[in-house]
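The values are calculated or read from the model by the stated rules, or taken from the named source; none is laboratory data. Bear in mind that the values here come from a model prediction, so they are computed numbers and not experimental data. A quick note on method: Cβ atoms are made from the backbone with ideal geometry, for glycine too, and the neighbour counts reach across all protein chains shown.
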Amino acid sequence: MELAARRDASWKFSPNSRWGFFPAVSVGWRLAEENFFKSLTGDGQFVSDFKLRASYGQLGDDAIRYYDPRNNAGRDINGYNVDLDPFAYTAGYSYNSSIGIMSGNAVVAARDRGVPFDRISWLTATIIDVGLDFSLLGNKVTGTLDYFRRNRDGLIVPKNNIFVPSEIGYDLPQENLESDAVIGGEGSLTYNGSISGVNFSIGGNISFARRQYINEFNPRYGNALDEYRNARGDRWSNIFWGYQVVGQFQSQEEVNSYPVNIDGQGNKTMLPGDFIYKDVNGDGIINTRDERPLGYGLSTTPILSGGLNITVAYKGFDFAADFSAGSMQTFNRRFELRNAFQNTGNIARILYDDRWHRADALNPDSEWIPGKNPPIRFNDGGHSNINKNSDWWLTNTKYLRNRTMELGYTLPKALTTRVKLERLRLFVNTYNLFSIDNVDQFGIDAEITDENGLQYPQNKLVNFGINLSL
Ligand SMILES: [Ca+2]
């Protein structure tokens with residue numbers, strides 16, 4: 001059992017809320033050492049080790065950024081949040097901050113600092129971890145299992161439950177009012193074995209971590225739809241919203257008689273093969289009210305991730321491979337991967353192949369040839385197929401990537417000593433050789449983030465080599 005605590009102060013906070021106290025405690029209990037456990041498990045025949053762990057700790061964070069939307073205070077010229085000024089908790093003036101003209105002369109001026117930031121203090125992260133370590137069958141199988149949760153209390157937001165008349169000239173200062181959490185778990189399992197001279201090990205790990213907003217301060221919504229779309233409290237973060245494609249028009253007659261206004265223009269821009277969006281609220285027109293949660297965050301680390309590693313050794317041969325896997329993340333095809341002739345450029349093959357098109361491209365009266373993809377238009381980003389995020393363009397990415405692989409052969413010592421070498425090993429190793437994923441069909445790497453797919457993928461490397469020891 002361990003106990004620890006720290007007391008921190010930060011210059012950013014006013015003297016009465018400057019100090020924070022952050023304790024931590026961790027306990028471990030090795031059950032395998034206990035007599036009752038030994039009698040239960042037959043003296044470690046099956047369970048050779050078993051340990052329970054738990055920890056609880058708090059940490060303070062003073063990396064507090066504030067943003068005052070009214071006068072843009074707290075943003076740098078690029079619009080990013082910046083840190084607090086020294087003594088932001090005091091009232092007063094910022095001197096030497098601008099030039100004023102008095103009686104025709106330029107003088108260095110001072111500026112009112114506005115409302116003091118004297119109501120903020122430490123953002124506290126509370127981390128709880130409960131886990132166990134075990135080894136079974138004489139350490140052949142080892143593993144761990146963990147559940148963790150990090151709560152952050154005191155996220156800073158403007159206090160919006162009191163309205164201040166705009167004539168006053170300032171808003172109420174921000175306070176530590178909201179909270180969020182990251183909830184997750186992870187586990188790992190390794191097996192070490194040996195069968196007729198082949199030594200091998202196989203290990204895997206899996207991890208889940210997802211952020212959730214807990215407490216939203218004084219939520220205010222104009223209506224139920226606003227709340228449905230924009231509520232943050234008690235909801236997972238990073239939700240991707242869009243339209244559901246429930247079909248494609250099969251003929252011009254179907255377009256002409258379709259009861260729902262898909263493109264907002266009475267379907268006059270629609271052709272056979274174009275997307276039919278689901279009119280979720282049934283009001284006969286497709287608009288933002290029909291958007292629904294479709295995916296996870298874009299460009300975020302996968303919520304579910306894992307790894308796999310394998311080693312095999314037999315006589316002079318050795319082999320090792322390691323894989324990583326990810327899921328619960330979203331890739332949204334846009335730009336070049338969505339719009340034909342984007343920026344009057346070229347067309348991605350995945351949009352061209354197997355698409356709805358006229359039998360004769362030069363004859364607008366020729367019949368339609370059905371395909372999987374919608375008909376293409378020239379750089380028409382405004383068309384309703386293109387200008388809406390939908391599950392057609394969205395992929396919830398899953399991948400298993402071979403990170404590294406190495407095959408080696410060490411020559412028998414009897415052979416190498418004849419040429420006065422201690423050891424001679426030949427090897428070939430690879431890096432990022434292949435990936436099994438569900439975005440390969442779009443011609444992209446599963447771990448790129450650029451929605452146009454133009455990002456340079458990860459390098460594949462193959463090395464051949466010799467290790468020599470003299
Ligand atoms: Ca609708």
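Annotations
- Within the range 231-278, restricting attention to residues that are of a type in the set (Asp, Glu) and closer than 17 Å to Trp392 by Cα, the residue that is nearest to the ligand (Cβ to nearest atom) is Asp263.
- Among the residues of the range 159-173, the one identified as crowded, with 17+ Cβ neighbours inside 10 Å and not charged (D, E, K, R) is Pro173.
- For the range 274-311, the set of residues classified as among the aliphatic types (A, V, I, L, M), in contact (Cβ under 8 Å) with a residue 40 or more places away in the chain and touching a Lys or Arg at 6+ places or on another chain (Cβ under 7 Å) consists of Ile303 only.
- Residue that is nearest to the chain's Cα centre (by Cα) [pool: residues in the range 436-470 that are under 30 Å from Leu415 (Cα atoms) and hydrophobic (A, V, I, L, M, F, W, C)]: Val462
- Among (1) assigned to a loop (DSSP other than H, G, I, E, B); (2) away from the ligand (no atom under 14 Å from the Cβ); (3) not basic (Lys, Arg), the one test that Asn281 misses: (2)
- Selected residue (criterion: farthest from Arg334 (Cα to Cα)) from residues of the range 347-358 that are touching a Phe, Trp or Tyr at 6+ places or on another chain (Cβ under 9 Å) and part of a loop (DSSP other than H, G, I, E, B): Trp356
- Residue satisfying condition, being crowded, with 17+ Cβ neighbours inside 10 Å, at pLDDT below 95, within 30 Å of Arg150 (Cα to Cα) and in contact with a Ser or Thr (Cβ under 8 Å, 6 or more places away or on another chain), within set Asn205, Asn238, Asn176: Asn176
- Yes/no for Gly247 being farther than 30 Å from Leu136 by Cα, small (Gly, Ala, Ser) and either crowded, with 16+ Cβ neighbours inside 10 Å or without any contact (Cβ under 8 Å) to a residue 24 or more places away in the chain (or both): no
- Residue check for Gln329: away from the ligand (no atom under 13 Å from the Cβ), polar (S, T, N, Q) and surrounded by 19 or more Cβ atoms within 10 Å (Cβ to Cβ): yes
- Of the residues making up the range 99-134, those that are small (Gly, Ala, Ser) and either surrounded by 13 or more Cβ atoms within 10 Å (Cβ to Cβ) or under 42 Å from the mean Cα position of the chain (by Cα) (or both) number 6.
- Of the residues screened, Arg334 is not one that is within 16 Å of the ligand (Cβ to nearest atom), of a type in the set (D, E, K, R) and farther than 17 Å from Ser237 by Cβ.
- Residue match in the range 324-344 (condition: assigned to a strand (DSSP E or B) and touching a helix residue (DSSP H, G or I) at 6+ places or on another chain (Cβ under 9 Å)): yes
- Among (1) outside any loop (DSSP other than H, G, I, E, B); (2) modelled with pLDDT under 95; (3) surrounded by fewer than 17 Cβ atoms within 10 Å (Cβ to Cβ) - the single one Leu426 does not satisfy: (2)
- When Gly203, Gly264, Gly282, Gly197 are checked against the criterion of being over 31 Å from the mean Cα position of the chain (by Cα) and under 30 Å from Asn139 (Cβ atoms), a single residue qualifies: Gly197.
- Lone qualifier among Ala361, Ala414 - being of a type in the set (A, V, I, L, M, F, W, C), part of a loop (DSSP other than H, G, I, E, B) and free of Cβ contacts under 8 Å to residues at least 24 places away in the same chain: Ala361
- Test result for Thr311, surrounded by 13 or more Cβ atoms within 10 Å (Cβ to Cβ), hydroxyl-bearing (Ser, Thr, Tyr), out of contact with any Cys (no Cβ under 8 Å at 6 or more places or on another chain) and within 30 Å of Arg423 (Cβ to Cβ): yes
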